[in-house]
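Participant: Shown below is the structure under consideration.
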Number of protein chains: 2
Amino acid sequence: MKELVYHRQLLPSLERFHDREMIIDGDYRSTHGEHVERVFRLAHALKHDLGVERADRFAVMTLNGHQYLEQYHAAFLGAGIINPLNLRLAPVELEYILFDSGARVVFVDAWFANVIDQVKTAAGVETVVLVGEGDAPHDVKYEDLIAAGAATVPDEPEEDDPVILMYTGGTTGLPKGVLLDQRAEMLNLYHALMQWHFDETDVYLHQTPMFHAASMGGVLGIPAAGSTSTFIPLFNPEQVLDVIARDGVTTTVMVPTMIGMLLQHPSFSPEKLASLRTLTYGASPMPVALLEQLLALYPDLGLYQGYGMTESSALLTSLGPREHREGGPLLRSAGRALRGVTVSIQDEEGNVVAPGETGEVCARGGMYMREYWNKPEATAEAFRGGWYHTGDAGYLDDHGYLFLVDRVKDMIVTGGENVYSVEVENAIATYPGVAQVAVIGIPSEQWGEAVHAIVVPAEGTTLTEDEIVAHAKERIAGYKVPKSVEFRTDPLPLSGAMKILKRDLRAPYWEGQDRGVG
Amino acid sequence: MKELVYHRQLLPSLERFHDREMIIDGDYRSTHGEHVERVFRLAHALKHDLGVERADRFAVMTLNGHQYLEQYHAAFLGAGIINPLNLRLAPVELEYILFDSGARVVFVDAWFANVIDQVKTAAGVETVVLVGEGDAPHDVKYEDLIAAGAATVPDEPEEDDPVILMYTGGTTGLPKGVLLDQRAEMLNLYHALMQWHFDETDVYLHQTPMFHAASMGGVLGIPAAGSTSTFIPLFNPEQVLDVIARDGVTTTVMVPTMIGMLLQHPSFSPEKLASLRTLTYGASPMPVALLEQLLALYPDLGLYQGYGMTESSALLTSLGPREHREGGPLLRSAGRALRGVTVSIQDEEGNVVAPGETGEVCARGGMYMREYWNKPEATAEAFRGGWYHTGDAGYLDDHGYLFLVDRVKDMIVTGGENVYSVEVENAIATYPGVAQVAVIGIPSEQWGEAVHAIVVPAEGTTLTEDEIVAHAKERIAGYKVPKSVEFRTDPLPLSGAMKILKRDLRAPYWEGQDRGVG
């Protein structure tokens, strides 16, 4: 029997919670029953009106909303392979991805209709479906499609049917399509739900962009638990604060940058987040200072850190509420491998290194992607030796806690020493008045690379290079202390997933030079 | 990759908890590292000294102890298929099972060495391994085997490698071997751990017999969570009370009969069970009166009900702490299908019946057995229409809660009406002074079957038929009220899994007559 398919999660939930409110999206409301009926109609229309078969790809480029959830669920019920597009993509990247994925149908909202229209012919797109309101180029309107579809239960897919094609590479090189199947997504969900627990009393806020793997718990786990989903189109601190208070949101996923923005926002007051039972963060390093501020404000909040990547359907490790309450050095850890996931730290030759020694974080588990789409060599390279190579540098302690020290590519080699940029950032972030900091390697005749810090002071604050350097010197070894500090007033550039784009920060310094590691 | 195998659970746990105490078994203590080393040695010896290959069966007939855990873990690391034997088996049944399973090696302790010796030649057993102390017939001593084995990590099995052959049928007909593979057991574990949560601070008491599927959470889940395991050889209320208090046991699994015995025991006092965080019960109906007594005594205890069967690697549904605290009619429910499990109530033609209507409980999920060993027809019959047929009668409410009304075979057909014996038992059990009650159908010229109650009064109590009938009349419809009541002073006969053996109770009444449903 074919049990590791989303049918077996969503349809029992439908029977159980049929009349219960499931979606709050602006003025739009729906029950579980109404939602699933729309998904059935969409799945039917994809096949019969748009000619999308189960192995065909369809792309989505919209802000967050209930329709995005419908499109994911249609794919998971076997209507096709969903290809969610990063909202920050430039036209040339979009054209490349759509051509590479072979998606002939694209769901788009009024925000992105023009950029899709620009590239559609060259990318081979045949049908643009306009989601929501607005006047924008399109071939079919989403609601007409739903109205035309029949509400019949689609045939159940197989475990090894691919279901998501998600492109990575927002921060490095040419995007690669990560092909994930039903089994991988279901196992990731199981691994996660042995650590995170949701039930029908939960209300989840979608504000992390829904094209991102970090949304998958919200996309797949929340609906099947009978929980309610609420949405904001795009992260906006004021709106997040308002919606959490308005809808009694109990759980959400944020990147650390978002959490920082919420707590620093002028309209923030502690009771605005009081309904949160759990908060999951991840995708980039969490400054310990911010974590301690959060723990002090909300001692009963269940904090989870998740670490993973698109290739692993999202999750490898987690740090749970108990460890957060223990505090201390564990707060710098990314937690332990989830049940079902094995993490191993390896040197460049693939040897496992001892606890405490830094190497490349490698992992295996049933939740890994099938392949990089049409890239057998990249796939083989990523899985060399039977282990997925994450590109992150880190170590395990004696009790299996993973400490990430840096992206391998963000590590700075200075005077023959390895300096992990995150460690330097953590040292600087604790200085009062530092709103954002990024540390990069810049070319140096003397050192090969020199440690360089870029600091954004909090509004109304003036900082000096001497202060920053003196503060860092008290906390980290001399060779790790920045050789130079630069101040900026604009926020640092962020990827679509709100990670600081260090590649962009490095680029002007390295123009015409090869850094070797990218 | 082959990820749904126990290697991927146990070995990461070994690295994480290597030096942590894992086993408390009388005077015997071991850490996770020491335990796994013994498992490696046992796996090695099974192959190299006893000639057991991965697809060969080895049997176990011992009381609970750390060695049983070692034997399970050796099987799960790929050393063979473990065939755990019910301790209540008569020699003729033992001979049948050992012959049918083809086990040529049997692990036995001094309690059961003689019965095995009696049947060994006829059953084709070649090697009897004596576990523990005592003077009893044997070929090899367990500790010699362990000492001889090399502590090398066994080759990893495949997901579809069978790992357990467990015989059912203690209460009905000829025993059937249930063949379970790594994947089924791992998925059952995942399904369970999305509902139950253990970590390294937990202490689990093995007092449910370890040959029983209800032990599998303790056998597989607990060690991989880094928790501690403690053992008593065989259920004994006084010893359970003492060990829970002595070792700070936080969690265990009991059948309702055991819980009743604990609370009624002269040496019971509430603080003896105060260390329990969670208590799981199942395997037979829980009298609501007992549940309410337990909830009143321990308002913070996390009560779980589990419902399942050997064929499903154990679990189909669960009722969690939240529902227990809600109380009311939900206390009579077996809970909802675990994630990954689908439950469906079907009529005799395989049609799904409406919520609230009683039919046969059917289920599917990745945790189901591969087959009844060498019984393709019984396998096909059990899975007819793609659903496993449990033989239990029940209904689902509008929110997916399962209410078991009876074993289909224990249902009484009287004057054309269906009477579920459990409902009558629940009505009688609330009468003061009733220690045990079983309701069966006995032959009746007038009614076809007549409802007959067998009551064991509490010590020092005298009850009359009129009292019992009057009490029942106030609670259930007239046609369900017993036509006759019989009083016994001896406890009712229990199966090895401590279910009341209604077949044995019925037998004297039906001698020479065919009841139709067994």
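None of the figures in this text is laboratory data; all of them are computed from the coordinates on show. Everything numeric in this text was worked out from a predicted model, so none of it was measured. Here the Cβ is made from the backbone with ideal geometry for all residues, glycine too, and neighbour counts use every protein chain on show.
Participant: Would you work out the charge dipole size for the stretch B:52-120 about its Cα centre, treating the Cβ of every Lys and Arg as +1 and the Cβ of every Asp and Glu as -1, and quote it to the nearest 20 debye?
Facilitator: Dipole magnitude for the stretch B:52-120 comes out near 60 debye.
Participant: Next question, about the same structure. Taking the Cα centre of the protein assembly as shown as origin, sum charge times position over the Cβ atoms of Lys and Arg (+1) and Asp and Glu (-1), and report the length of that vector in debye to the nearest 20.
Facilitator: My answer is approximately 320 debye.
Participant: Given the pairs B:Lys141/B:Lys499; B:Lys480/B:Lys502; A:Lys2/B:Lys499; B:Lys47/B:Lys141; B:Lys141/B:Lys176; B:Lys141/B:Lys272, which are separated by over 27 angstrom at their Cα positions?
Facilitator: Long pairs (Cα-Cα over 27 Å): B:Lys141/B:Lys499; A:Lys2/B:Lys499; B:Lys141/B:Lys176; B:Lys141/B:Lys272.
Participant: By Cβ position, which chain B residue lies least far from the axis that rotates chain B onto chain A, and what is the distance to the nearest whole angstrom?
Facilitator: That would be B:Tyr190, 2.
Participant: Moving on. Distances in nm, one decimal, shortest first, from A:Glu377 to the same residue in every other copy, taking the label point 7 angstrom along Cα→Cβ.
Facilitator: In nanometres, ordered from closest: 6.0.
Participant: Taking the Cα centre of each part, how many Å lie between the stretch A:1-34 and the stretch A:42-114?
Facilitator: Between the Cα centre of the stretch A:1-34 and that of the stretch A:42-114, the gap is 21 Å.
Participant: Under 16 Å Cα-Cα from A:Lys483, which lysines qualify once same-chain neighbours fewer than 8 residues away are excluded?
Facilitator: Cα-Cα hits under 16 Å: A:Lys473.
Participant: Also: Beyond 25 Å, how much of the Cα-Cα pair distribution for the stretch B:411-510 remains, as a whole percent?
Facilitator: 13 percent
Participant: Right, another one. How many Cβ atoms of partner chains, on average, are near each residue of A:2-8 if near means within 10 Å of its Cβ?
Facilitator: 4
Participant: Run the helix sum for chain B: -39,500 (n - 2.57) per DSSP H stretch of 4+ residues, divided by residue count, reported at 222 nm to the nearest 500 deg cm²/dmol.
Facilitator: -8500 deg cm²/dmol
Participant: Treat every Asp and Glu Cβ in chain A as -1 and every Lys and Arg Cβ as +1, leave all other atoms uncharged, and give the resulting dipole magnitude about the Cα centre to the nearest 20 debye.
Facilitator: I would put it at about 440 debye.
Participant: A follow-up question, please. Could you pull out every residue, at least 5 positions away or on a different chain, whose amide H is within less than 5 Å of the one on A:Arg57? Hs are placed 1.01 Å off N in the peptide plane, and Pro or chain starts have none.
Facilitator: Those lying under 5 Å, H to H, from A:Arg57 are A:Ile81, A:Arg104.
Participant: Kindly provide the GluC sites (Glu not before Pro) of the stretch A:344-415 that DSSP labels as loop, not H, G, I, E or B, and whose Cβ sees at most 10 other Cβ atoms within 10 Å.
Facilitator: In loop regions of the stretch A:344-415 (DSSP not H, G, I, E or B), the sparsely surrounded GluC sites (Glu not before Pro) are A:Glu348, A:Glu349.
Participant: What is the helix-to-structure angle for A:288-297, meaning the angle in degrees between its Cα long axis and the longest Cα principal axis of chain A, kept from 0 to 90 and rounded to the nearest 10?
Facilitator: Approximately 60 degrees, to the nearest 10.
Participant: Taking every Cα atom in the protein assembly as shown, find the radius of gyration and the maximum pairwise distance Dmax, and write them in Å.
Facilitator: Cα radius of gyration and Dmax of the protein assembly as shown are 31.1, 106 Å respectively.
Participant: Please work out the FRET efficiency for the pair B:Glu417 and B:Glu381, using the Cβ-Cβ distance as r and a Förster radius of 25 Å; give the result to the nearest 0.05.
Facilitator: 0.35
Participant: Let me ask another. Where the label is 7 Å out from Cα toward Cβ, how close does B:Glu292 come to the same position in every other copy, in nm, shortest first?
Facilitator: Inter-copy label distances (nm, one decimal, shortest first): 5.3.
Participant: Out of the GluC sites (Glu not before Pro) in the stretch B:385-460, which ones are loop residues according to DSSP with at most 14 other C-beta atoms within 10 Å?
Facilitator: Those that pass, being in a loop and sparsely packed, are B:Glu445, B:Glu459.
Participant: Each residue of the stretch A:241-256 in order: what ³J(HN,Hα) in whole Hz does its phi give by Karplus 6.51 cos²θ - 1.76 cosθ + 1.60, θ = phi - 60°, with x for Gly and Pro?
Facilitator: Those phi angles translate into 4, 5, 5, 4, 5, 5, 9, x, 4, 9, 7, 7, 10, 9, 8, x Hz.
Participant: Need the C-alpha centroid separation for the stretch A:345-382 versus the stretch B:269-340, integer Å.
Facilitator: Using only Cα atoms to place each centre, the spacing works out to 43 Å.
Participant: Per-residue HN-Hα couplings for the stretch B:215-222, Karplus 6.51 cos²θ - 1.76 cosθ + 1.60 at θ = phi - 60°, whole Hz, x for Gly and Pro?
Facilitator: Each residue of the stretch B:215-222 in turn: 7, 5, x, x, 6, 10, x, 4 Hz.
Participant: Roughly how tilted is helix B:91-101, in degrees to the nearest 10 and between 0 and 90, from the longest Cα axis of chain B?
Facilitator: The helix B:91-101 is inclined about 60 degrees to chain B.
Participant: What do you get for the angle between helix A:182-193 and the principal long axis of chain A? Use alpha-carbon atoms, 0 to 90 degrees, nearest ten.
Facilitator: Value to nearest ten degrees: 60.
Participant: Follow-up. Taking each label point as 7 Å beyond Cα in the direction of the beta carbon, state the distances from A:Val413 to the same residue in the other copies, shortest first, in nm.
Facilitator: The projected label point of A:Val413 is separated from its counterparts by 8.2 nm.
Participant: Using label points projected 7 Å from each Cα along Cα→Cβ, tell me how many nm separate A:Ala274 and B:Phe268, to one decimal.
Facilitator: So the label points at A:Ala274 and B:Phe268 sit 4.2 nm apart.
Participant: What's the long-distance tail for the stretch A:7-396, i.e. % of Cα pairs beyond 42 Å?
Facilitator: In whole percent, the long-distance tail amounts to 9.
Participant: I want to verify the translational diffusion coefficient of the stretch B:335-389 in µm²/s; compute it with Stokes-Einstein, Rh as the Kirkwood radius over Cα pairs, at 37 °C and 0.692 mPa s.
Facilitator: Answer, rounded: 271 µm²/s.
Participant: With the dipole of the protein assembly as shown worked out from charges on the C-beta (+1 for Lys and Arg, -1 for Asp and Glu) around the Cα centre, which of A:Leu98, A:Leu77, A:Val353 lies farthest toward the positive end?
Facilitator: Value computed over the given set: A:Val353.
Participant: Right, next: Have a look at A:Val108, A:Pro299, A:Leu205 and report the one farthest towards the positive end of the charge dipole of the stretch A:7-396, computed about the Cα centre with Cβ charges (Lys/Arg +1, Asp/Glu -1).
Facilitator: A:Pro299
Participant: Filter the GluC sites (Glu not before Pro) in the stretch A:74-166 to those in DSSP coil with at most 14 other Cβ atoms within 10 Å of their Cβ, and list the result.
Facilitator: Passing sites in the stretch A:74-166 are A:Glu126, A:Glu133, A:Glu158.
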